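Please read the structure below before turning to the comments.
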Amino acid sequence: MKFRFRLDPVLEHRARIEQERAGEHARALADQLAAQRMFDGIATKRDELRARLVREHAQFDAEALRSTYLHLDYLDRALVAARQRVDACIAQTERARQKLVDAAKERKVLETLKERRHEAFRHEAALADQRELDDQNARAFERAHPFEGLPS
């Protein structure tokens, strides 16, 4: 007799859900990394422009100073927006990670149940095999010693 787990379709469905959640988590993580790279790029530009402004301040005319300060102000605002985007992506990644963990737990519960039922099946099969062997041995003994079991 072959082991058949009645909940295999449910287990397969939960495995598919887990794969989907893993994909969602991967996409959220990729978005988070892209947002972080954007934030880092803006921060680098701002830091480089500030360093240049400090180094070359005396060489700038009034219009260059005004436009540089305006651009630094713009970069500061862009940095705030980029930080908010990174924070939102981090939150989304965490939600996706939690969904993935939940899906993995649900799948693992069924896998554990399947393993336990398979172990019980193997145990029952071993007992049935042992009973069959015992019956065969008893019949063989009866054939070899037909009168030993009878009362005198």
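The values are calculated or read from the model by the stated rules, or taken from the named source; none is laboratory data. These numbers come from a predicted model, not from an experiment. With ideal geometry, Cβ positions are generated from the backbone for all residues, glycine too; neighbour counts draw on all protein chains shown.
A few notes on this one:
- Residue check for A96: touching a Ser or Thr at 6+ places or on another chain (Cβ under 6 Å) and surrounded by 13 or more Cβ atoms within 10 Å (Cβ to Cβ): no
- Scanning the stretch 1-43 for residues that are among the charged types (D, E, K, R) and either touching a Ser or Thr at 6+ places or on another chain (Cβ under 8 Å) or surrounded by fewer than 16 Cβ atoms within 10 Å (Cβ to Cβ) (or both) yields K2, R4, R6, D8, E12, R16, E20, R27, D31, R37, D40.
One line per residue, one yes/no per condition, for (1) within 30 Å of A28 (Cβ to Cβ); (2) modelled with pLDDT under 95:
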position	(1), (2)
L70	no, no
L75	yes, no
R131	no, yes
E142	no, yes
